[in-house]
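Peer 1: One structure, as structure tokens, below. Some questions next.
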Amino acid sequence: MTRLRAGAATDTGQVRANNQDAILVAEPVFAVADGMGGHAAGEIASEVAVESLQADDVSSRRALAEAVRQANRAVWERAKGDAELRGMGTTMCVVALVPGAPTDGEASGDPGDERIIVANVGDSRVYQFHDGDLIQITDDHSLVEDLVREGRLSHDEARTHPQRNILTRVLGNEPDVEVDTWEVIPQRGDRYLLCSDGLFNEVDDDRIASVLRRLADPEDVAQELVALANRHGGRDNVSVVVVDVVDDDDRAAAASATVATASQTVVSRGPTTAGGGTASSPALSTGGTSPVPVPPSAGNSSPSAAPATKAAKPRRVTWRSLLFVCCLLVVLGGAVAAVAWFARSTYHVGLDDEQVVIYRGRPGGLLWIQPTLAERTDLTLDDVPPARRAAVSDGKEEPSLSRAREYVATLEEQAEAERRRTTTTEATTTTTPSGSPTTGALTGTGRP
């Protein structure tokens, strides 16, 4: 038989005038309800729901879901009968230890097949603390959590969102309600934390996990978490129930051995709702341990046979990720454009097969951008004055095409001046037969 040990604490907090939370510690059933409504209506709603749950049979997963729906009807009927209570409601999260699924001809299943059943309506939460990791099992039925699941809000933004208290599903608003349920194999050493939003709105998951890791007694854990919420502001009622699995009849070890032998890969089917649909399932164990399969009941392959370990959810493409990609592409495009502009914003005078030409771009190019031919000239390297040839061979950079043309014009003027000097020298210099140069005409001095 699986043995449990529990501790609980509840407090009004530092701001509210009365405590509208209610808790249930009645092994094998544990619950937290967070009421809402004017005056004392929220307090009445949570009390009515817990009392109804305690009075009902919760010996199976289906029975637990029906018990929560019955609690919803109890709150609904109570509000109908009192005008001052109209509109009241409450959240509820439940952890229950139930026997295995019955077989034909039996009233109940084998006690060795006991399961932890989790049920939830609203934003009160159930966490599993397994192998040092804190995993949220339940899904909040609130506006901001719907936005988080759709990828329109981050978890950090949801914690401070002005509409974070708007719930999309509670007990007491309608005659019937959809109930989410999960099924988990009890394993020695696991802890289950049930709490109202007065805890997780004040204390982050890392601090909660630290307390669960540090303190051994569940009563001490519950008291410490309530005190921690109050130290962080205590802006709401806060309720905590901690349930420890202290003995599991070695069921987890046997299941792990079976999994190791069969080398099975278990795929989660997720939680079922009271209406027969399937809701998204949280991860129920991490830390590298082998997942423990929950075999389906005889002749039944419905989601009630969900395993304790859930497959990872696929990543969604959200508008935030698309915006990030677009911004990244804009930045990269801007960088490419800047490099291209820098590489093409100048000209240089260089050579193309010994011919002097004007290129657009930087000498030798920049990254993948090579210079392009802008203009050819009539000059060759031999026409360039010797003092300028090295600069032209390396590429004489100029800031604009007009400046490059001016530089070429200067080279042409210098080349023309050099040619004129050479021609003049050749035209005015002669050589005598003896080899002595004589300049000018010879003048005779003798008579004929």
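The values are calculated or read from the model by the stated rules, or taken from the named source; none is laboratory data. The shown structure was predicted, so the numbers you read here are calculated from the model rather than taken from an experiment. Here the Cβ is made from the backbone with ideal geometry for all residues, glycine too, and neighbour counts use every protein chain on show.
Peer 1: TYR347 fails exactly one of the following numbered conditions: (1) surrounded by 13 or more Cβ atoms within 10 Å (Cβ to Cβ); (2) of a type outside the set (Val, Ile, Thr); (3) under 30 Å from LEU153 (Cα atoms). What is the number of that condition?
Peer 2: It fails just one condition, (3).
Peer 1: Hey, can you tell me all the residues within the range 53-74 that are farther than 18 Å from ASP180 by Cβ and buried (at least 16 other Cβ atoms within 10 Å of the Cβ)?
Peer 2: SER59, ALA74
Peer 1: Ok, one more. Among the listed residues VAL226, VAL221, VAL203, VAL259, which satisfies the condition of being over 24 Å from ALA67 (Cβ atoms), among the hydrophobic types (A, V, I, L, M, F, W, C), surrounded by 14 or more Cβ atoms within 10 Å (Cβ to Cβ) and at pLDDT below 95?
Peer 2: The match here is VAL259.
Conditions (1) buried (at least 20 other Cβ atoms within 10 Å of the Cβ); (2) at pLDDT 90 or above, marked per residue:
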position	(1), (2)
GLN128	yes, yes
HIS141	yes, yes
VAL144	yes, no
VAL148	no, no
ARG152	no, no
ARG159	no, no
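Peer 1: Can you say whether VAL339 is surrounded by 10 or more Cβ atoms within 10 Å (Cβ to Cβ), over 30 Å from ASP382 (Cβ atoms) and modelled with pLDDT of 50 or more, as far as the supplied structure shows?
Peer 2: So VAL339 passes the test.
Peer 1: Which residue, of VAL68, VAL32, VAL50, VAL25, is part of a helix (DSSP H, G or I) and under 19 Å from TYR127 (Cβ atoms)?
Peer 2: Only one candidate qualifies: VAL68.
Peer 1: Continuing with this model, one more query. Being surrounded by 11 or more Cβ atoms within 10 Å (Cβ to Cβ) and either modelled with pLDDT of 90 or more or of a type in the set (A, V, I, L, M) (or both), is that true of even one residue in the range 423-439?
Peer 2: no
Peer 1: Go through the range 361-388 and report how many residues are out of contact with any strand residue (DSSP E or B) (no Cβ under 7 Å at 6 or more places or on another chain), closer than 26 Å to GLU418 by Cβ and surrounded by 15 or more Cβ atoms within 10 Å (Cβ to Cβ).
Peer 2: Matching residues across the range 361-388 total 2.
Peer 1: Please indicate, with yes or no, whether at least one residue in the range 350-360 is under 45 Å from the mean Cα position of the chain (by Cα) and surrounded by 12 or more Cβ atoms within 10 Å (Cβ to Cβ).
Peer 2: Scanning the range 350-360, I find no residue that is under 45 Å from the mean Cα position of the chain (by Cα) and surrounded by 12 or more Cβ atoms within 10 Å (Cβ to Cβ), so the answer is no.
Peer 1: Turning to a different aspect of this structure: Just to check your reading of the model, which residue among ALA74, ALA101, ALA65, ALA26 is under 28 Å from VAL245 (Cβ atoms), modelled with pLDDT of 90 or more, in contact with a Ser or Thr (Cβ under 8 Å, 6 or more places away or on another chain) and in the same structural domain as VAL241 (by TED's automatic domain parsing)?
Peer 2: One residue alone meets the criteria, ALA65.
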